[in-house]
Amino acid sequence: MSAVFEPALGIKQIITRALRDTPSVPYRADVGVVVSIGSGIARVSGLAGVRAEELVEFEGGALGIALDLGVHDLGVMLISDDAHLSAGQSVKALGRIADTPVGDALLGRVVDATGRPRDGGAAIDAQTRWPVERAAPPIMARAPVQTPLQTGLKAVDALVPVGRGQRELIVGDRQTGKTAIALAALLNQADTSVIGIYCAIGQRGTSVARVIDDLKQGGVFDQTIVMSASGEDPPGLQFITPYAAMSLAEYFRDQGRDVLLVFDDLTRHARAYRELSLLLRRPPGREAFPGDIFYIHSRLLERATHLCDDHGGGSVTALPIVETQAQDISAYIPTNLISITDGQIYLSPSLFQKGLMPAVDVGRSVSRVGGKTQLPAYRAVAGDLRLAYSQFEELETFSRFATRLDEQTQQTITRGRRVRELLRQDRLKTLPVPKQIIALHAVNLGLFDEVEVVDTHHLESYLHRRAPERIEKLAAKMSAGETLSDEDWRELESVLTDLAAEWHDSSAESSQ
Ligand SMILES: Nc1ncnc2c1ncn2[C@@H]1O[C@H](COP(=O)(O)OP(=O)(O)O)[C@@H](O)[C@H]1O
Ligand SMILES: [Mg+2]
């Protein structure tokens with residue numbers, strides 16, 4: 001009859017079971033109501049416990065982010081389409097901030113900031129999701145920027161070098177080749193293990209499609225991710241896209257990998273945020289941007305860095321793009337970004353119109369990290385090149401008025417014209433390190449001085465065809481980042497001089 005005396009055990013079991021089945025995380029059934037819906041913004045009442053930047057879900061699954069926490073209601077920016085939303089619908093707080101899927105599954109895909117595919121492909125199979133807003137690594141975890149990130153463009157690699165972990169702004173008017181420069185840098189990673197992320201903000205679908213096409217043709221699409229929010233997407237989605245792209249980059253960085261992240265472009269990002277802020281009735285400041293506009297870009301770009309070896313040694317290099325109007329780099333957003341980044345590549349519409357592309361204005365472009373990031377071979381040629389070019393730029397304007405020029409001036413102009421011509425490169429035609437050095441060293445040696453400007457590229461491609469096989473060892477040294485000895489330079493000089501003489505002979509023959 002022992003069972004009769006065991007009801008106490010039964011009660012214990014019941015209680016134990018009840019405790020086990022109760023979720024250990026308290027569920028906050030915080031439900032509110034939509035008061036009004038406007039373009040990209042919803043006002044919601046009731047969600048008293050919601051925290052700033054918390055994700056909320058509307059009836060039907062649309063998502064938003066709580067931005068303005070008012071006394072009576074809440075301003076929510078929508079990150080999905082507002083087509084099915086209406087006043088009176090319920091809203092619930094999700095207790096977490098917006099996140100994005102991360103992982104290798106995204107390589108070779110086109111997605112939006114929340115991980116929805118935009119390439120018509122299958123849903124992304126990623127177990128891990130990271131919050132879009134994350135803290136920047138502390139100073140102690142950062143390594144100095146020292147390893148170069150080759151863009152394959154002579155004008156950039158020689159004169160405004162970019163290092164891994166650097167933030168280099170690409171600034172210029174519309175249609176000056178900004179996207180083309182960033183794209184060249186992505187394509188030039190074909191033979192490296194660098195992962196590319198192209199983050200498109202507020203662009204037309206056709207422009208993004210063209211970039212995707214170029215990435216595919218350049219053979220780098222499988223090591224690249226395109227994250228895009230077009231101009232038709234809600235401003236909230238456009239706003240969070242660069243942060244999501246950065247989280248994605250950080251995921252790879254934390255595995256010790258190197259990432260090149262392009263933001264195309266932050267002018268449109270700032271405009272999306274201005275639109276949201278005005279709709280939320282935040283007080284407008286300069287150019288109607290809200291007061292925290294500097295902070296939205298600084299907290300984004302602060303996250304790009306090169307980690308020290310104790311932290312895995314990975315890096316995120318950021319190439320933010322900003323579009324100016326009528327070359328006004330002192331406008332609000334460009335000046336903010338210039339002060340946040342470690343340098344800028346300035347593209348000039350007048351160079352572009354003259355066909356001198358990439359239209360990098362060498363005088364107005366800087367890399368604040370400087371030559372430290374350059375491979376030693378560049379350091380040897382860049383000094384002479386920059387000097388020759390800047391002297392030439394100064395003289396060229398004057399020389400138009402002068403009737404007679406002394407020999408020295410004439411020489412500077414001759415050299416400068418050839419340097420300028422050699423810095424020209426066709427769209428997306430990137431060059432490996434040895435070929436760049438061959439051309440730049442040859443012009444410094446004066447091998448182009450006797451060549452007509454229109455023929456410069458003929459001689460250049462002749463050198464590119466013939467020289468590499470004769471300097472195999474040297475070329476390997478250049479690419480590996482070894483310092484070339486004086487003897488090495490002399491060897492290169494004699495090879496290039498011989499080849500230039502060969503070319504002169506053969507072109508003299510063919511013209512006869
Ligand atoms: N190096 C180049 N050589 C020839 N054409 C170029 C070069 N760079 C850009 N272009 C052309 O210039 C136009 C504008 O380039 P794009 O990169 O889209 O400019 P942005 O991004 O500044 O608006 C495009 O039609 C592109 O094909
Ligand atoms: Mg562009």
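The values are calculated or read from the model by the stated rules, or taken from the named source; none is laboratory data. Treat the numbers as computed from the prediction; the structure is a model and nothing was measured. For neighbour counting, all protein chains shown are included, and Cβ atoms are generated from backbone atoms with ideal geometry for every residue, glycine included. Ligands, DNA and RNA are stripped out before the accessible areas are found, and what is left, the full protein with its side chains, is counted by its heavy atoms. Shrake-Rupley method; radii C 1.70, N 1.55, O 1.52, S 1.80 Å.
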Long-range HN-HN contacts of Leu153 with modeled amide H, under 5 Å:
Leu431
Once the range 377-511 is represented by equal point scatterers at the alpha-carbon sites, with solvent omitted, what log10 I(q)/I(0) does the Debye formula produce at q = 0.10, 0.18 Å⁻¹?
-0.35, -1.05
Could you work out [θ]222 nm for the chain from helices alone, using -39500 (n - 2.57) per DSSP H run of at least four and dividing by all its residues? Round to the nearest 500 deg cm²/dmol.
-12500 deg cm²/dmol
Return the FRET efficiency for the residue pair Val454, Val71: r is the Cβ-Cβ distance, R0 is 51 Å, and the value is rounded to the nearest 0.05.
0.10
Within a Cβ distance under 14 Å of Ile37, other residues only, what is the Lys/Arg minus Asp/Glu net charge?
-3
3J(HN,Hα) from dihedral phi, the range 439-447, Karplus parametrisation 6.51/-1.76/1.60, rounded to Hz, x for glycine, proline
5, 6, 5, 4, 5, 5, 6, x, 5
Total formal charge among the other residues, if their Cβ is under 10 angstrom from that of Val259, Lys/Arg +1 and Asp/Glu -1:
+1
Inter-probe distance in nm under a simple model that places probes 7 Å from Cα toward Cβ, at Ser193 and Phe294:
4.0 nm
Under a plain spin-label model, where a point goes 7 Å from the Cα along Cα-to-Cβ, how far apart in nm are Asp310 and Arg204?
5.1 nm
Against the rule of thumb 2.2 N^0.38 Å, how large the Cα Rg of the range 99-257 comes out
1.03
Rounded to the nearest angstrom and ordered from largest down, what semi-axes does the equivalent ellipsoid of the chain get from its C-alpha gyration tensor (root of 5λ)?
55, 27, 18
Name the shape class, rounded, prolate or oblate, that the alpha-carbon gyration tensor gives for the range 280-371, where a ≥ b ≥ c are the square roots of its eigenvalues, rounded holds for a/c under 1.5, and otherwise prolate holds if a/b is larger than b/c and oblate otherwise.
oblate
Would you tell me the accessible area of Asp173, worked out with a 1.4 angstrom probe on the heavy atoms of the protein chains, in Å² to the nearest 10?
20 Å²
Under the Karplus curve 6.51 cos²θ - 1.76 cosθ + 1.60, θ = phi - 60°, whole-Hz ³J(HN,Hα) for the range 358-368, x wherever Gly or Pro sits:
x, 7, 6, 7, 4, x, 9, 9, 9, 10, 6
Take peptides 277-283, 420-426, 480-486 and line them up by average Cβ neighbours within 10 Å, highest first, as a rough protection proxy.
420-426, 277-283, 480-486
What list of ³J(HN,Hα) couplings, whole Hz, do you get for the range 98-114 from phi and the Karplus terms 6.51, -1.76, 1.60, once you set θ to phi - 60° and write x for glycine and proline?
4, 9, 9, x, 10, x, 5, 4, 7, 4, x, 10, 10, 9, 9, 5, 9
Between Asp505 and Lys372, what's the calculated FRET efficiency when r is the beta-carbon distance and R0 is 41 Å? Round to 0.05.
0.45
Classify the range 275-331 as rounded, prolate or oblate, taking a ≥ b ≥ c as the square roots of the eigenvalues of its Cα gyration tensor: rounded when a/c is under 1.5, otherwise prolate if a/b is larger than b/c and oblate if not.
oblate
Which sequence of Arg466, Arg167 reflects their accessible areas, 1.4 Å probe, from the largest down?
Arg466, Arg167
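At most 10 other C-beta atoms within 10 Å and a DSSP loop state: those are the exposed chymotrypsin sites (Phe, Trp or Tyr not before Pro) I care about. Give me the longest piece of the chain that has none. Provide the component values of the computation, followed by the final result.
Details: sites that count: Tyr27, Phe401.
Formally, the longest exposed-site-free interval is 28-400.
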Expressed per residue, the solvent accessible area of the range 10-113 in Å² (1.4 Å probe) is about 52 Å²
Name the shape class, rounded, prolate or oblate, that the alpha-carbon gyration tensor gives for the range 143-374, where a ≥ b ≥ c are the square roots of its eigenvalues, rounded holds for a/c under 1.5, and otherwise prolate holds if a/b is larger than b/c and oblate otherwise.
rounded
Glu54 accessible area, assembled protein chains, probe 1.4 Å, Å²:
0 Å²
